[in-house]
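K.L.:
The structure under discussion is supplied below as structure tokens; questions concerning it will follow.
The values are calculated or read from the model by the stated rules, or taken from the named source; none is laboratory data. Please read these numbers as outputs of a predicted model, since none were measured by experiment. Cβ placement follows ideal geometry from the backbone for every residue including glycine, while neighbour counts extend to all protein chains displayed.
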């Protein structure tokens, strides 16, 4: 099991969600975050005050995945979140030690597998 | 007594009671049902109708100002900032009917009106043009707006109780005498044989409030972290809505000051449209020249600057002169705001740069552009310009010294400034026990049976917050 964490541009969320959906990936947590990026700082002006915005606003996606899905998820993220400009973000893949589903107490792979996949008659 | 006691929220009702009780006692001592005296002329229905509307518009400006100021501060101070405007609707209105109106408009000397109308004694339904009671309300709106303007310089760190006591005294002791000088038959009527023209309060309201604001800002001191951290407006849409409402209200402020429903009111109305329009366009050009972008806060500010600049001359100059006045006011105010932001003077919302510089520019240009053909009592020119300048200087000196004395007196009773820890967490929760944008997540309901228990819990919570610097 892996935890895929992606930091992406805010305006890319729709494209990323679509790509992940198409790759059969579900179970995503999205969080607004701010951080130091490699891109040029933005400058804002408020009446007499000029301000350099050090932290860029991004979205962070946390996706817990079983091994067969990891590569597909990373590929979908890289493809859909890319503009080619500085500031597109990062994808981190880290080992995941333990997962529990709160509702049922299921563990690990059973907990990560989307409910729809188990419940569907297919 | 421990002086810090006064900064606690619970001290406010005590302060208010101490202030109000003598007033109420004096009111109760008045002879019953004072017969109507003074002017006995029957009011004119058209003028009365327009003044009724105008008085409402002027009072609506307080809401506009609260939104304008509220949007420009940080979110942790939005309620405190807006309340500094709204509290004037209570305190200044009462001070005005108890004492202020009489000091401004009752017969008296060159320097002060008399006590004839204290507690509205002798004020009734008769009046020249409008019922005397309506004049009280319309002019009361001006006093309220003027006092609310002052708060912009000291928001985010001045103690709410100190501020309420300050404006209660200021509106009676500084605003009312100045109103007497300009409109009540005082010294501005005869300054070395000439009259200072102040159609709707350029010196009385704007220069006066701005000078007091600057002096008070210097006395209270700059905000913690001022000049170190960026203090950005938390909700610019509010500021834009506020500026729009201010403009709307200003049509009553200037239009009503004609004291007639006639062509001069219409002229003042049109000029109140044109001057800010010209300021807005000039400001856009300045903004574009400086940063390459037209800013929203800039436009909101430009509207206010244009309104301030046309106030002293709205009903005495031609529409084209109003356009020139509005455009001309943009540059000095723009430069003043730019300079102030780089200086050590923490006039938080640039009350002086907008209302002071704008008001002075407008008062001086009124001296140049005043035209008999457009309703002015005298023709503009260098002599009138000098008279206007003298009026401005007198207003500045009086306003600054009055503010110094009152603030010094207030600071003997209540510290002017909030505690450092309270300022750090924002004044809304420590001073008012409320926050502007609460989502209620994680808020537990504490069943409380008595008000003393509620006060105890609130006090404990406030101390805990205030200490977290």
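K.L.:
When segment A:25-40 is examined, which residues are found to be surrounded by 13 or more Cβ atoms within 10 Å (Cβ to Cβ) and more than 12 Å from the chain's Cα centre (by Cα)?
P.N.:
Within segment A:25-40, A:35, A:37 qualify.
K.L.:
Something else now. Quick check on my filter: what residues within segment B:158-171 are over 13 Å from residue B:209 (Cα atoms) and assigned to a helix (DSSP H, G or I)?
P.N.:
Residues satisfying the conditions are B:160, B:161, B:162, B:163, B:164, B:165, B:168, B:169.
K.L.:
Related question: Residue under question is residue B:290, and the condition is that it be more than 9 Å from chain A (Cβ to nearest Cβ) and more than 24 Å from residue B:392 (Cβ to Cβ); does it hold?
P.N.:
No; evaluated as a whole, the condition is false for this residue.
Conditions (1) modelled with pLDDT under 95; (2) surrounded by fewer than 17 Cβ atoms within 10 Å (Cβ to Cβ); (3) more than 19 Å from residue B:140 (Cα to Cα), marked per residue:
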| position | (1), (2), (3) |
| --- | --- |
| B:193 | yes, yes, yes |
| B:208 | no, no, no |
| B:243 | no, no, yes |
| B:246 | no, no, no |
| B:276 | no, no, yes |
| B:279 | no, no, yes |
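K.L.:
Scan segment B:333-348 for residues that are farther than 17 Å from residue B:283 by Cα, surrounded by fewer than 24 Cβ atoms within 10 Å (Cβ to Cβ) and either touching a residue at least 40 places away in the same chain (Cβ under 8 Å) or more than 9 Å from chain A (Cβ to nearest Cβ) (or both) and jot them down.
P.N.:
Answer for segment B:333-348, where residues must be farther than 17 Å from residue B:283 by Cα, surrounded by fewer than 24 Cβ atoms within 10 Å (Cβ to Cβ) and either touching a residue at least 40 places away in the same chain (Cβ under 8 Å) or more than 9 Å from chain A (Cβ to nearest Cβ) (or both): B:343, B:344, B:345, B:346.
K.L.:
Tell me which residues, restricted to segment B:370-391, are part of a helix (DSSP H, G or I) and buried (at least 24 other Cβ atoms within 10 Å of the Cβ).
P.N.:
Hits for segment B:370-391 are B:388, B:391.
K.L.:
Condition (residue is touching a residue at least 40 places away in the same chain (Cβ under 8 Å), over 25 Å from residue A:54 (Cβ atoms) and part of a loop (DSSP other than H, G, I, E, B)) applied to segment B:290-302: is it met by at least one residue?
P.N.:
Looking through segment B:290-302, none of the residues is touching a residue at least 40 places away in the same chain (Cβ under 8 Å), over 25 Å from residue A:54 (Cβ atoms) and part of a loop (DSSP other than H, G, I, E, B).
K.L.:
If you scan segment B:349-388, which residues turn out to be without any contact (Cβ under 8 Å) to a residue 24 or more places away in the chain and under 21 Å from the mean Cα position of the chain (by Cα)?
P.N.:
Selection gives B:353 alone.
Let's see how each residue does on (1) away from chain A (no Cβ under 14 Å); (2) touching a residue at least 60 places away in the same chain (Cβ under 8 Å):
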{"site": "B:177", "(1), (2)": "yes, yes"}
{"site": "B:180", "(1), (2)": "yes, yes"}
{"site": "B:201", "(1), (2)": "yes, yes"}
{"site": "B:204", "(1), (2)": "yes, yes"}
{"site": "B:212", "(1), (2)": "yes, yes"}
{"site": "B:215", "(1), (2)": "yes, yes"}
{"site": "B:225", "(1), (2)": "no, no"}
{"site": "B:230", "(1), (2)": "no, no"}
{"site": "B:234", "(1), (2)": "no, yes"}
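K.L.:
Okay, moving on. Can you spot a residue in segment B:249-265 that is within 14 Å of chain A (Cβ to nearest Cβ), more than 27 Å from residue B:157 (Cα to Cα) and not in a loop (DSSP other than H, G, I, E, B)?
P.N.:
no
K.L.:
Test of understanding: among B:321, B:330, which residue is in contact with a helix residue (DSSP H, G or I) (Cβ under 7 Å, 6 or more places away or on another chain) and surrounded by 24 or more Cβ atoms within 10 Å (Cβ to Cβ)?
P.N.:
Of the residues listed, the single one that is in contact with a helix residue (DSSP H, G or I) (Cβ under 7 Å, 6 or more places away or on another chain) and surrounded by 24 or more Cβ atoms within 10 Å (Cβ to Cβ) is B:330.
K.L.:
Just to confirm my filter: which strands (runs of 3 or more DSSP E) fall fully inside segment A:42-85 and include at least 2 residues that are away from chain B (no Cβ under 14 Å)?
P.N.:
The strands (runs of 3 or more DSSP E) meeting that bar are A:56-65.
K.L.:
If you don't mind, another one. Does residue B:285 satisfy being buried (at least 19 other Cβ atoms within 10 Å of the Cβ) and away from chain A (no Cβ under 14 Å)?
P.N.:
In short, no.
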